[in-house]
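Novice: Just dropping this structure here.
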Amino acid sequence: MTPVGGRGLRLTPLGGVGRFGRNCLLIELDEDGAAGPALLVDCGARFVHDEAPGFDIGLPDLERIGALGDRLLGTVVTHAHEDHIGGLPYAARERNQPLWATPFAARMIARRFSRLHQELPAIDVVEPGDARQIGPFRVRWLAVSHSIPDSTALVIDTPVGRIVHSGDF
């Protein structure tokens with residue numbers, strides 16, 4: 001987005017664009033040319049058995065997530081499908097961060113971490129209609145119809161403008 005008052009907004013898909021799976025969107029604020037606070041929307045996995053022999057799953061760019069350091073404020077989750085939450089335990093190995101998710105998604109995330117014998121990060125459980133202030137980002141979860149319970153779209157207000165993330169089409 002065009003900088004406003006020395007601020008800019010960068011949206012970078014770290015997976016999930018152009019093919020099914022690995023949904024992960026990085027939202028970063030730029031402040032006077034310097035990298036500012038960042039937020040992830042979803043962090044999914046993709047099954048790749050046939051196209052990548054020897055590998056079970058494809059993941060978003062975890063090195064990029066780890067390199068964000070303290071700028072990464074956490075991950076907001078739209079819903080509990082594997083292509084939206086399956087990469088969270090692997091991302092947590094790079095950078096343990098707080099999560100925000102609806103009740104069903106939070107239970108599925110906890111189950112995923114448990115299966116991998118990994119410590120679960122803090123999860124702030126939100127209901128559709130709730131809003132949270134996460135650094136400079138104000139995130140609202142809106143109920144949407146989908147094939148899994150507690151699916152949401154997100155409205156993310158930033159100092160630069162508003163982002164509407166559908167979760168899934």
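Novice: Run a plain Debye calculation on region 99-140 (Cα atoms as equal point scatterers, no solvent) and give log10 I(q)/I(0) at q = 0.30, 0.33 Å⁻¹, rounded to two decimals, same order as the q list.
Specialist: For region 99-140, the Cα-only Debye profile gives -1.00, -1.11.
Novice: Round to the nearest 0.05 the FRET efficiency obtained for Gln118 and Thr12 when R0 = 35 Å and r is the Cβ-Cβ distance.
Specialist: 0.85
Novice: Give the long-range amide H neighbours of Val126: residues separated by 5 or more places, or on another chain, with amide H under 5 Å away, using H modelled in the peptide plane at 1.01 Å from N.
Specialist: Placed amide hydrogens put Ala101, Thr102 under 5 Å from Val126.
Novice: Based on the Kirkwood radius over alpha-carbon pairs, what value in µm²/s does the Stokes-Einstein equation return for the translational diffusion coefficient of the chain at 25 °C and 0.890 mPa s?
Specialist: The estimated diffusion coefficient comes to 153 µm²/s.
Novice: Moving on. I need the trypsin sites (Lys or Arg not before Pro) found in region 121-165, filtered to DSSP loop residues with at most 16 other beta carbons within 10 Å of theirs.
Specialist: When the trypsin sites (Lys or Arg not before Pro) of region 121-165 are filtered for loop state and at most 16 Cβ neighbours within 10 Å, nothing remains.
Novice: Which percent of Cα-Cα pairs in region 61-155 sits in each 10 Å bin, short to long?
Specialist: The percentages, shortest bin first, are 17, 49, 32, 3.
Novice: Just the number please: accessible area per residue for the chain, 1.4 Å probe, all protein chains included, in Å².
Specialist: 48 Å²
Novice: Where Lys and Arg each count +1 and Asp and Glu each count -1, what net charge lies around Val126 among other residues with Cβ under 13 Å from its Cβ?
Specialist: -1
The values are calculated or read from the model by the stated rules, or taken from the named source; none is laboratory data. Keep in mind it's a predicted model, so treat the numbers as computed, not measured. Cβ coordinates were reconstructed from backbone atoms using ideal geometry, including for glycine residues, and neighbour counts include every protein chain displayed. Accessible surface areas use protein heavy atoms only, side chains included; no ligands, DNA or RNA. Shrake-Rupley method; radii C 1.70, N 1.55, O 1.52, S 1.80 Å.
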